[in-house]
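Below: one structure, written as structure tokens.
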Amino acid sequence: MKPPIRLIIGLGNPGPEYETTRHNAGFWLADHLANDFKASFALEKGFSAWVAKGRFEGEPVVLAKPSTFMNRSGQAAGALMRFYKLAPEEVLVLHDELDLLPGQVKMKQGGGHAGHNGLRDIQSAFSSPDFWRMRIGIGHPRSLGLAQQVVGFVLNPPKREELQAIEGVIDRCRAVVPLMLKGDFTKAMNQLHEGNGA
């Protein structure tokens, strides 16, 4: 039996100019989860993050959004993991994923960072790739038929139909997080991946 998730970290860039950009999909999901746990985010400078504390079936659950830029996400993730004395396997990172189309989502444990600066920094802070990832599809400029560079693409807001697809994914993620907090990852994964269609 794998240990249940105790710390959930949403990735994004701080500041109003980034709020609606594709790269902040992890922040969007973290905000919804905080609402689900009736918890609210407060800036905790010692962790370089906004932190929300909730409970699930009597157990504490910590949600965090790093207050640093994406490529320094490991600073907050490492500080929180050490403070709460957690193993990487008890951490779930929510992030945008170029390799999946809007409306698709995958969760997995471990693996590479595929060039995602937030994941790269967390992997280095943890000295381990063994944390869980919730990969929220935002599409890739090529798969969406755009000539845009990746950097410009992730730092721009999604089109309306893409946003609707991403919001649908966020709801599906919210539905399976309680399973992950119970340690039932197989059921969570099956339920989440079913919604991707064929």
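Counting only DSSP H runs of at least 4 residues, each contributing -39500 (n - 2.57), and dividing by the residue count of the chain, the helix-based mean residue ellipticity at 222 nm comes to -11000 deg cm²/dmol.
Note on Lys53: aspartates and glutamates with a C-alpha under 16 Å away, same-chain residues under 8 apart excluded, are Asp31, Asp36, Glu44, Glu90.
Near Gln109, once Lys and Arg are set to +1 and Asp and Glu to -1 for all other residues with Cβ below 12 Å from its Cβ, the sum equals +2.
With a Förster radius of 41 Å applied to the C-beta separation of Glu59 and Thr20, the computed FRET efficiency comes to 0.80.
With labels modelled as points extended 7 Å from the Cα through the Cβ direction, what inter-label distance (nm, one decimal) is found for Asn35 paired with Phe83? Distance between the two pseudo-spin positions: 2.5 nm. With the convex hull drawn around the C-alpha atoms of the chain, the volume per residue stands at 112 Å³. Exceedance of the 25 Å cut-off in Cα-Cα distance is limited, within the set Lys45/Lys187; Lys65/Lys85; Lys106/Lys159, to Lys45/Lys187.
Each reported figure results from applying straightforward, stated rules to the coordinates on display, with no laboratory input. Because the structure is predicted, anything quoted here is derived from the model rather than measured. Methodologically, a virtual Cβ is constructed for each residue, glycine included, from the backbone with ideal geometry; neighbour enumeration extends over all protein chains shown.
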